[in-house]
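Written below as structure tokens is the structure these notes are about.
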Amino acid sequence: MSGNSVGNPLMQLLDADLNSDRNRAIFRFLLAKVATAIRYVFPARATACYSGLVLGFALTFIPIAKNAPVRITLMLTFVGAGLVAVSAHELDEIQDDIDEVKQQKERDRQLRLYADTEAKNKVAETNLLRHGYELDKSLPRELQQLVAPSDGEPVRVLDADRAAFDAAVTAVQPKQQTAQSPSVEEQQPQLSGDHPTTKTTTVAAAHSKNNFTDTMQHIAQRLVSMTVVGVPGAGKGMFVSNLLRLVRQHHPQLHIFVMEGKGDEKEAGYWQGVANDIRSIQGLDESPLNIVSWINGCLEDFKAVEGAKLLIFDEVTYLYKVWQTTEKESFEDYIQYKIGLSSMGDSLQNYIWEIGQVSNAKDLGVTAGIRSLLKPIAIVSNHDRRAANALLGTKFVPLPEEGKKAVMQMCDLSECGRAVYDYVNDCWQSMPQLPNLSGFDRDTRSFATSEPQEPPAPEADPQPNIRADLERLLSVETPEPSRAPKRFGLTAEQISEVQKRISSLQPGAISSVKNIRQNSRLLRGQKIMQSDLAELFAYLAETQAIEWLAANDPQDFRYLGGL
Amino acid sequence: MSHRLASKFGYYSLSGFAGSALVQLAVIWPQTWIAVGALGVLTVIYFVFLLVCIKGVLQGKRWAGVLNFNLLGVDAIESTAIVLLFVVGGLWTCLEIL
């Protein structure tokens, strides 16, 4: 034994120096290094297996090399063999697991590739069906919009609107020549002078309209629960009603349930023809108990609707306030239901759209966190800058870097004097002129007699149409229509206020110019000259809208209808 | 390079352990030398047939391709490695103990 080990350097080392402190230290150092290297290369489970493997070999061979008693050697050989067998088996298992993970990853990668390919094919198919060709996705978004066939329409429509407006003004002018004052003569160059500005505005508005139309399409296609807030008369109802038409196109099976607390018949057109269920209450005339009872009844009915459904909850600012004050428990239940809808509604295809005037969380009866569960849409107008500034001062929606002024500038650039924030683009933009589906224009306080998008044909109506004339004048695309001087020496707001006053009269009712002027805070506050007002009434009398009761003293008049 | 290589080395080394254990058992229980001798003869036969087979393959003999040294469910090379480890384990133990 010793003779064999003399020629073997390894055996020499083991025989001579194994028990020395120096070599034990060297062994410990080497084993630690090997273990570190193994641990670095392989995970902990593999390290244990390799350690078992090495230990098994050591148990088997070292007793033989050290010439230990045969019985002990044999026993240790069996133990070492068992250890090696177990370690080898475990290493086999580890490698099986690693191979399985690799195969799973490969399968997942193949599935993702397949899914991506399927999705791309679906998009290509959709584009093919919708546009007749597939848009080149490598093009920038702006160019894609330019080549998209649907995007060419709005610009043409705007140009057509402008041409129709000019034609309408021209058609009305000859009939008024006898009654026109010098101020009207002065107005003509101003109108022509507005052209370059208007052109620029039209181009900008067209771009804005394209963007916002795309945004509305996106919102309609991918429904979420959201809150629409805006200053009074900002166009929340108009926006939502237009959006609902798009929603109906994308989701024909969606059950649209409208709860509106204003009860204004003039705005019924917003919902008619698109909503499956319209519940209306005149909130101001009803008692709080009746209002809460009505709300609870509506909500019960809405909850009972099966399948995909959308709840439009209009005038929430007022209704929530009444509700909280009157019956807090059911209001809390509703808030819980709303939270559930916002978190789980998407999978159930249940949505809620709140429409209100304020975005303050406290006024909505919730915390800011819960308020943020619903996606925000905010609309402001330059007709009421004070209210717009108040809304922009809240944290409901972010302001652009330039601040509130930038938003108001967007309003001024908008053809309808409005700016809108939407959660899709997460930015403010000028709001384009949307079709008024209610039939009542709150800007001019007048009823629409024709389809909003169809420009009026002057030759089709031989009789002077005062309302249409005034409406056209008021809808001129100027940066600040409310401040620009208009016909009869009155501004657009003044004319609309007078028109509102007259239209509120019953045909045949007798009233007086003085009475109208005094009853209107707007007219009184803006110090309308009596002569300007008289000129307007002279025009109305000429067009047989009113009749003076005393020709020599034009104070009292009789409303003949026709506005 | 994977754990599979180390695993196979561990499995095949068991053959070497078996050879060593058989020799150690023969030292304790001399009748086992008969088994050692028999296994030695079988090993010699294995290597003879292996050499014949290799020679036949090299000479392009058809019958050589039919021979298949399939031991413990592994192919000829691995089978040879197992036998070699068995022999090395047994011989090394003999040299160390005797």
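The values are calculated or read from the model by the stated rules, or taken from the named source; none is laboratory data. These figures come from a predicted structure and were not determined experimentally. Here Cβ is always computed from backbone atoms with ideal geometry, including for glycine, and neighbour counts include all displayed protein chains.
From (1) at pLDDT 70 or above; (2) part of a helix (DSSP H, G or I); (3) surrounded by 13 or more Cβ atoms within 10 Å (Cβ to Cβ), pick out the condition that doesn't hold for residue A:557.
(2)
Cβ-Cβ below 6 Å, separation at least six or inter-chain, first residue in the stretch B:85-98 and more than 10 Å from chain A (Cβ to nearest Cβ), second among the aromatic types (Phe, Trp, Tyr): which pairs?
B:85/B:12
Residue A:91 is checked against (1) surrounded by fewer than 17 Cβ atoms within 10 Å (Cβ to Cβ); (2) in a helix (DSSP H, G or I); (3) touching a residue at least 40 places away in the same chain (Cβ under 8 Å) and fails just one. What number does that condition carry?
(1)
Pick from A:352, A:370: which is of a type outside the set (Gly, Ala, Ser) and outside any helix (DSSP H, G or I)? Give the derivation first.
Details: A:370 fails: outside any helix (DSSP H, G or I).
Answer to the selection: A:352.
Does residue A:293 satisfy the condition of being touching a helix residue (DSSP H, G or I) at 6+ places or on another chain (Cβ under 7 Å) and among the hydroxyl-bearing types (Ser, Thr, Tyr)?
Answer is no for this residue.
Can you confirm whether residue B:22 is touching a residue at least 60 places away in the same chain (Cβ under 8 Å) and more than 13 Å from the chain's Cα centre (by Cα)?
yes
From the list A:388, A:378, which residue is in contact with a Leu (Cβ under 7 Å, 6 or more places away or on another chain) and closer than 15 Å to residue A:428 by Cβ?
A:378 is the lone residue from the list that is in contact with a Leu (Cβ under 7 Å, 6 or more places away or on another chain) and closer than 15 Å to residue A:428 by Cβ.
Residues checked against (1) away from every other protein chain (no Cβ under 14 Å); (2) out of contact with any Cys (no Cβ under 6 Å at 6 or more places or on another chain); (3) at pLDDT below 90; (4) within 24 Å of residue B:93 (Cα to Cα):
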residue: B:21; (1), (2), (3), (4): no, yes, no, yes
residue: B:30; (1), (2), (3), (4): no, yes, yes, yes
residue: B:38; (1), (2), (3), (4): yes, yes, no, yes
residue: B:44; (1), (2), (3), (4): yes, yes, no, yes
residue: B:51; (1), (2), (3), (4): yes, yes, yes, no
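Can you name the residue in the stretch A:289-306 that is at pLDDT 85 or above and of a type in the set (Asp, Glu) and is also farthest from residue A:258 (Cα to Cα) among such residues?
So, considering only residues that are at pLDDT 85 or above and of a type in the set (Asp, Glu), the one farthest from residue A:258 (Cα to Cα) is A:300.
Of all residues in the stretch A:518-554, how many are in contact with a Phe, Trp or Tyr (Cβ under 6 Å, 6 or more places away or on another chain), in a loop (DSSP other than H, G, I, E, B) and at pLDDT 70 or above?
0
Condition first: at the interface with chain B (Cβ under 9 Å from one of its Cβ atoms), assigned to a helix (DSSP H, G or I) and farther than 22 Å from residue A:31 by Cα. Now tell me which residues in the stretch A:50-74 satisfy that.
A:70, A:71, A:73, A:74
Out of the stretch A:385-403, which residues are farther than 13 Å from residue A:234 by Cα and among the small types (Gly, Ala, Ser)?
Correct list: A:390, A:393, A:403.
Tell me, yes or no, whether the stretch A:75-85 has at least one residue that is facing chain B (nearest Cβ under 9 Å), touching a residue at least 40 places away in the same chain (Cβ under 8 Å), within 19 Å of residue B:13 (Cα to Cα) and surrounded by 15 or more Cβ atoms within 10 Å (Cβ to Cβ).
no
Among A:413, A:348, which is the only one that is of a type in the set (A, V, I, L, M, F, W, C) and under 20 Å from residue A:302 (Cα atoms)?
Just one listed residue meets the conditions, A:348.
Assess whether residue A:261 counts as being closer than 27 Å to residue A:372 by Cβ and not β-branched (Val, Ile, Thr).
yes
Out of the residues in the stretch A:89-112 that are hydrophobic (A, V, I, L, M, F, W, C) and more than 9 Å from chain B (Cβ to nearest Cβ), state the one that is farthest from the chain's Cα centre (by Cα).
A:101
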